[in-house]
Each structure stands twice: as C-alpha cells, then as structure tokens.
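To start, the structure itself, in structure tokens.
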Amino acid sequence: MGRVAREVLRDRDAGLYLSAVVVSGFGTSAMWLAAGVWVKSLTGSDSLAALTAFAMWAPSLLGPLLGAVADRFRRRPLLVWSNLAMSVLLLPLLAVDSAGRVWILYAVLAVYGAVSVVQDAAEAGLVAKVVDARLLGDVNGLRMAANEGMKLLAPLVGVVLLTRFGGASVALLDIASFAAAAAVFALLRVREERPAARPKGAGRLSEVTAGARELWRSPVLRPLVAGGAATMALAGVNGALVYAVTDSVLDRSPAFTGVLYAAQGAGSVLCGLLAGPMLRRAGERRVAAAGVALFAVAVALRALPYDAVALVCSAGIGLGLPCVLLAAATAVQRETPDAVLGRTAATASTLMFLPNAVTLALGAALAAFADVRVLLPLTGALGLAVAALLARPGRGAAELPHP
C-alpha cells in the first residue's frame with residue numbers, strides 16, 4: 001500500500017490532480033455543513049436549514065445532462081475555468097446577512113451543485129488520462145481517503161468560522177479553495193484532443209443518454225452500478241436509523257451519534273488506503289461483493305446493545321460501503337471510451353446515489369412504527385443478498401485482477 005501510494009504521489013500530474021481535488025474539497029466540505037447552520041442562525045427554521053443540503057444535492061439528478069456538458073470540452077481547461085467561475089459565483093454570499101437574503105444562498109448553492117456534477121464528470125475523464133490504468137484504483141482510493149479525512153475536519157472549521165466571524169468568512173474560505181484548485185489544475189501537463197462535434201442527425205436526447213446506453217450494454221459496468229445502487233438504497237435505510245440506534249438500542253444521548261459517524265469516517269479513510277491494492281489483486285466484482293457483505297453484517301449487528309459493538313460496526317460500515325462505489329467508479333474510468341466518459345461517470349453516479357435519498361425518507365418513516373432491532377437485521381440480510389449476486393461469476397475484464 002505504502003509503496004504504490006508513494007509511486008502515485010511521485011508522479012507529478014497524479015500528485016497535482018489529487019492536490020487540486022483535496023484543496024477544492026476542503027472548501028466544499030466546510031460549506032456543506034456551515035450553510036445549514038448559517039440559514040438556521042438567520043431564520044431560526046430547521047426545515048429551511050435542511051433545504052441547503054437539498055439545494056446542493058438536487059442537481060445530481062441531472063447527472064446525464066451535466067455529464068454531456070463535460071464531454072463537450074477538454075477536461076483540464078474546463079476544470080480550470082469552472083473553478084475560477086465558482087470563486088466568482090460565491091461572491092454574492094458576502095451579502096447574505098439577514099433572513100430576507102437567504103434566497104441568495106439557495107440560488108448559489110443550486111448552481112454550486114450543478115457545477116460540482118460537471119466537475120466530477122470532467123475529473124473522471126481527466127484522471128483516466130493523467131494516471132496509468134493500473135493505478136486508477138489507487139488514485140480513486142487516495143482521493144476518497146483524503147475527502148473522508150477532510151469531512152472530519154473541514155465542517156468543524158466551517159462552523160467555527162461561521163460562529164466567530166459570520167457566514168462571509170466561510171464563503172471567503174470556499175472562494176480561496178476554488179481559486180487555488182484552478183491554479184493547481186492549470187499546472188497539469190496533459191494532452192487532450194478537442195472533443196469531436198456531435199454527429200449529424202444525432203439528437204440531443206441521444207447524446208444525453210449515451211452514458212446510460214454505455215452502462216447498460218457493458219457486462220462489466222452494469223452489475224457494478226446496479227449493485228452500487230442497491231447498496232446505497234440500503235445505506236439510506238441504515239442512515240435514517242442511526243438516531244434510533246443511539247437512542248433505542250444504546251440508550252445514549254443524540255450527541256453519541258457524532259462518535260459513531262467519526263468511527264465510520266475512520267473506516268472510510270482506511271478503505272481509501274486499501275482500495276488500490278485490493279482492486280489490483282481481486283478485481284472490481286470481488287472487492288465490491290466483499291465490501292457489501294461487510295457492510296451488511298455490520299448493519300445487522302448494530303441491533304446489539306453494546307457501545308463497543310456499535311463503534312466496530314460503524315467502522316465496518318465505513319470500510320465496507322465505499323468498496324462498491326470505488327469499484328464501480330474505477331471500472332467506469334477504465335472501461336468507458338473517452339468520448340462518453342463524462343456522461344457515463346455522471347449517469348453512474350446519479351443511478352447509485354439517487355436511491356440513497358429515496359430510502360433515507362423511507363427509513364425515517366419505517367423507524368416511526370417498526371422496531372429498529374428488526375429493521376437492522378432485515379436490512380443486513382438484503383445486503384448479503386446483494387453481495388451474493390455481485391459475487392456470482394460474470395463476464396468481463398473486471399472479474400480479473402489487474403497487473
């Protein structure tokens with residue numbers, strides 16, 4: 001693990017790519033939580049505060065369309081200019097100082113979310129050019145480890161800045177992070193051909209759905225993305241039940257939920273560090289299946305009323321759940337033609353994360369009238385069924401370890 005990580009980081013362009021993603025991600029993670037606290041402090045409304053997360057997440061529903069935008073431009077210039085544009089876009093947030101101006105924050109966050117989807121699609125295409133194919137899993141894993149590590153620190157920084165200096169200070173932090181990311185992306189040395197023009201006679205709908213068609217006809221990508229979607233649906237139920245676990249199972253105060261999330265974050269950091277070696281040795285399908293199985297067992301065992309078990313299970317969820325997402329993302333980058341990579345990556349992301357939002361609401365409803373000690377083992381059993389389906393032998397290069 002250490003040798004390959006050092007090999008990745010010694011590569012100039014791979015190191016710059018990871019640096020740009022980390023710098024930009026720090027500002028985004030700080031803004032994600034601070035925006036809700038900001039609205040709460042100005043309006044006193046919990047529901048309006050919760051809408052900030054929805055405003056940033058909602059554009060991901062347009063993943064196929066926004067991914068098509070990413071495929072119409074060279075990726076490095078697109079990332080440079082979009083990061084610069086974001087640093088300008090955030091300037092109106094400096095004027096948000098009362099409940100009557102909260103609408104500015106929502107408008108900015110909605111555009112923020114849309115640009116983030118375009119950037120994620122462009123990054124998927126860029127990393128496939130910057131990094132050797134055998135190291136894609138390592139780079140994706142290191143990126144996730146860095147992002148998960150930042151989630152333990154950046155939101156705290158954002159809230160401290162907000163509390164001490166006001167919302168404008170968080171906006172300035174995010175502006176600086178986007179400007180710095182643009183500068184780092186500009187340093188990348190990568191040769192990109194200008195994307196081909198849309199073929200004559202090809203409609204816009206056909207262009208937007210190209211990523212979905214790529215996923216459907218690929219015997220490698222289809223089961224991984226389907227498995228990721230099913231797993232994230234179960235993760236939504238699990239996430240909705242976490243407060244019930246803290247209260248009904250562990251008899252702890254709601255604050256203990258933060259400890260469980262910290263343990264889960266630590267597990268995700270470890271997953272990111274281990275992902276590359278695991279993907280090379282076992283292949284995407286096997287890693288995904290093993291990760292889903294670990295996630296499922298950990299969810300089921302959350303029904304036991306012991307703090308130590310709850311902490312271990314949270315770490316196990318953090319370690320197992322990202323495996324299927326990393327496996328799918330790496331396979332998409334490796335298997336998809338460059339011309340449709342942005343659309344395919346964005347479509348895969350939408351398909352995998354949309355079920356999570358739906359089942360978060362479903363899980364919250366179920367928790368109102370069903371015993372969490374029954375729901376957790378049932379969710380775990382469904383997860384094991386998903387793992388078993390992923391473990392079945394299938395066709396395609398992703399079944400084989402990578403040299």
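The values are calculated or read from the model by the stated rules, or taken from the named source; none is laboratory data. As the structure is a prediction and not an experimental result, all values here were calculated from the model. Here Cβ is always computed from backbone atoms with ideal geometry, including for glycine, and neighbour counts include all displayed protein chains. Keep in mind that these areas ignore ligands, DNA and RNA; they rest on the heavy atoms of the full protein, side chains included. Shrake-Rupley method; radii C 1.70, N 1.55, O 1.52, S 1.80 Å.
If residue 265 satisfies all but one of (1) open to solvent by 60 Å² or more (accessible area, probe 1.4 Å); (2) of a type in the set (Gly, Ala, Ser); (3) within 16 Å of the chain's Cα centre (by Cα), what's the number of the condition it fails?
Status for residue 265: all satisfied but (1).
Picking from 102, 80, which residue would you name as being crowded, with 19+ Cβ neighbours inside 10 Å, β-branched (Val, Ile, Thr) and under 24 Å from the mean Cα position of the chain (by Cα)?
Details: 102 fails: under 24 Å from the mean Cα position of the chain (by Cα).
Testing whether each residue is crowded, with 19+ Cβ neighbours inside 10 Å, β-branched (Val, Ile, Thr) and under 24 Å from the mean Cα position of the chain (by Cα) leaves just 80.
Just to be sure before I move on: is residue 348 open to solvent by 10 Å² or more (accessible area, probe 1.4 Å) and of a type in the set (Gly, Ala, Ser) in the structure I sent?
Values: open to solvent by 10 Å² or more (accessible area, probe 1.4 Å): no; of a type in the set (Gly, Ala, Ser): yes.
Answer is no for this residue.
Suppose we filter region 106-123 for residues that are open to solvent by less than 10 Å² (accessible area, probe 1.4 Å) and more than 24 Å from residue 94 (Cβ to Cβ); how many remain?
Total satisfying the criteria: 2.
Being crowded, with 21+ Cβ neighbours inside 10 Å and either in a loop (DSSP other than H, G, I, E, B) or in contact (Cβ under 8 Å) with a residue 60 or more places away in the chain (or both) is the filter here; which residues of region 33-60 pass it?
Result: 34, 35, 38, 39, 56.
Within region 270-292, does at least one residue satisfy the condition of being in a helix (DSSP H, G or I), in contact with a helix residue (DSSP H, G or I) (Cβ under 6 Å, 6 or more places away or on another chain) and surrounded by fewer than 20 Cβ atoms within 10 Å (Cβ to Cβ)? Working first, answer last.
First, the residues of region 270-292 that are in a helix (DSSP H, G or I): 270-282, 284-292.
Right, trim to in contact with a helix residue (DSSP H, G or I) (Cβ under 6 Å, 6 or more places away or on another chain) and you get 270-273, 275-276, 278-279, 284-285, 287-289, 291-292.
Filter again for surrounded by fewer than 20 Cβ atoms within 10 Å (Cβ to Cβ), leaving 270, 273.
Yes: one or more hits.
Starting from residues that are in contact (Cβ under 8 Å) with a residue 60 or more places away in the chain and not hydrophobic (A, V, I, L, M, F, W, C), keep the ones in region 164-184 and report whichever is surrounded by the fewest Cβ atoms within 10 Å (Cβ to Cβ). Explain how you work it out, then say what you get.
Going residue by residue through region 164-184, those that are in contact (Cβ under 8 Å) with a residue 60 or more places away in the chain are 166-168, 170-182, 184.
Then keep just the ones that are not hydrophobic (A, V, I, L, M, F, W, C); that gives 166-167, 174, 177.
On the way: 166: 15, 167: 23, 174: 27, 177: 26.
Taking the candidates together, the pick is 166.
Find all pairs meeting these conditions: Cβ atoms under 7 angstrom apart; at least six residues apart or on different chains; first residue within region 84-107 and free of Cβ contacts under 8 Å to residues at least 24 places away in the same chain; second residue open to solvent by 50 Å² or more (accessible area, probe 1.4 Å) and assigned to a helix (DSSP H, G or I).
95/101; 104/92
Quick one: in region 1-31, of everything that is open to solvent by 40 Å² or more (accessible area, probe 1.4 Å) and touching a Gly at 6+ places or on another chain (Cβ under 8 Å), which residue is modelled with the highest pLDDT?
Among them, the one singled out is 9.
If you check 235, 154, 240, which single one turns out to be open to solvent by less than 30 Å² (accessible area, probe 1.4 Å) and modelled with pLDDT of 90 or more?
Working: 154 fails: modelled with pLDDT of 90 or more; 240 fails: modelled with pLDDT of 90 or more.
Only one candidate passes the filter, namely 235.
I need every pair where a residue in region 283-304 that is under 18 Å from residue 237 (Cβ atoms) has its Cβ under 8 Å from the Cβ of a residue that is basic (Lys, Arg), sequence separation at least 6 or different chains.
That search, which allows pairs on different chains as well, returns 303/373.
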